Amino acid sequence: MTRKIALVFILVVNTLFAQISFEKGYFINNTGERIDCLIKNLDWQNNPTEILYKNNENSPEKKLSIHQVQEFSILNSSKFIRAEVAIDRSSDVLHLLTRERNPNFTNELIFLKVLEEGKANLYYYSDNNLTRFFFSKPNKKITQLVYKRYLANVSEIKTNNYYKQQILKNLDSDKISNSKIKWLKYNLKSLKGIFSLYNESTNELNTNQIKNDSKSFSDFFNLNVRPRINNSSLSIANSSIFQGFRSAIFESKTNFGLGIEAELLLPFNKNKWSVIIEANYFEYESLGQKFVNPVSLANEQGKITYKSLEIPVGIRHYMFLNEKLSLFVNLQVVFNNTFDSSSIEFISENDRPTINPLSISFTNNYAIGAGLKHKRFILEFRHYTNKKLKNLTNWDSEFSTNSIILGYALF
């Protein structure tokens, strides 16, 4: 059953992933001709080396490599230019740092993402753990802004912040003071801000082409309150004569639960993927159907009290229908933390226990969900796979739950 659910999830996600849209844009080929077309917007985490495009909605998909494209843009989204640059690929990972203070440049042909255009242009390059910024001015070549961490000795790390001198030298403006340069950081928000300030001061800021890529942590983090209605059913059976071959089919019960979810949107693929973790309170109390004990021949009835704190952890994929409305699917591993008061007992017709109460706990399981999000409001249907008794020998169980979840994003 678990494999089938995982397969369904993969098929659904693949279908949704295929929904990444072709959006209006253009590319400039090697002859300098601009071709208006539809470009597949992958919201690249790493700078691309090729693009996929269509001439129109009904035409076939085509591929162009970096050697065929001088420039391309997705309108109101992003713009990339091809450039042969000197780039330093020295690692910033601690155990890979070297004693070399100066950058180790190699010439490469790459696509650079345009962040700012004006009297001074700012570009961005990302390749896995490598992040580099470049700049240019009119009639000057594109140059990397130099930032490099290195080992001064075995226990000391220093930083080559030459990018500050480069900016101070090339962005000459009364609005850019030495104190601003002193506190300038080598990141997108800080560098984009200083280049924008310079271009505004020269009245040459190009405001037409690119959305603002600067985002705070809150743009990637959601905290959701999620009350729910749970419907659960349980059946158990024992195969040991010492437990009287007891079995019980418990009534299906509908009750309320409450949870809170933290969601971290991943900063690529247009924020369609996220990592989610929840904390949910779950309880289930029910009486079983009466049965005749095959050993004692007496009438008995099972009774369960089960309470737990569920911690589902997983991934979510969105399909945006418009700016305010989206569909989503998610797959989670559910870690079940059973309260000590949870137990199963068997009682006779006069409500007296026939055996000592059995302390219970259940295995972890999986959950697959699908739903709709409109602005801050969330509606989800979720199915939990079967979880089994894990602390009782000779007992088998089938415990399934379906939930309807209503959510509200606090932020």
Filtered residue count, the range 263-285, keeping only those that are buried (at least 16 other Cβ atoms within 10 Å of the Cβ) and touching a strand residue (DSSP E or B) at 6+ places or on another chain (Cβ under 7 Å): 11
LYS169, sole failed condition from (1) surrounded by fewer than 12 Cβ atoms within 10 Å (Cβ to Cβ); (2) at pLDDT 95 or above: (2)
Condition met for ILE81 (farther than 21 Å from LYS272 by Cβ and buried (at least 16 other Cβ atoms within 10 Å of the Cβ)): yes
Candidate set: the range 205-249, residues that are modelled with pLDDT under 65 and touching a Gly at 6+ places or on another chain (Cβ under 7 Å); chosen: the one surrounded by the fewest Cβ atoms within 10 Å (Cβ to Cβ): ASN206
Residue in the range 352-380 that is nearest to PHE328 (Cα to Cα), counting only those that are over 20 Å from the mean Cα position of the chain (by Cα) and part of a strand (DSSP E or B): ASN365
Pick from the range 387-401, criterion under 20 Å from ILE368 (Cα atoms) and surrounded by 16 or more Cβ atoms within 10 Å (Cβ to Cβ), ranking: modelled with the highest pLDDT: THR401
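The values are calculated or read from the model by the stated rules, or taken from the named source; none is laboratory data. What you see is a predicted model, and the numbers here were worked out from it, not measured in a lab. For neighbour counting, all protein chains shown are included, and Cβ atoms are generated from backbone atoms with ideal geometry for every residue, glycine included.
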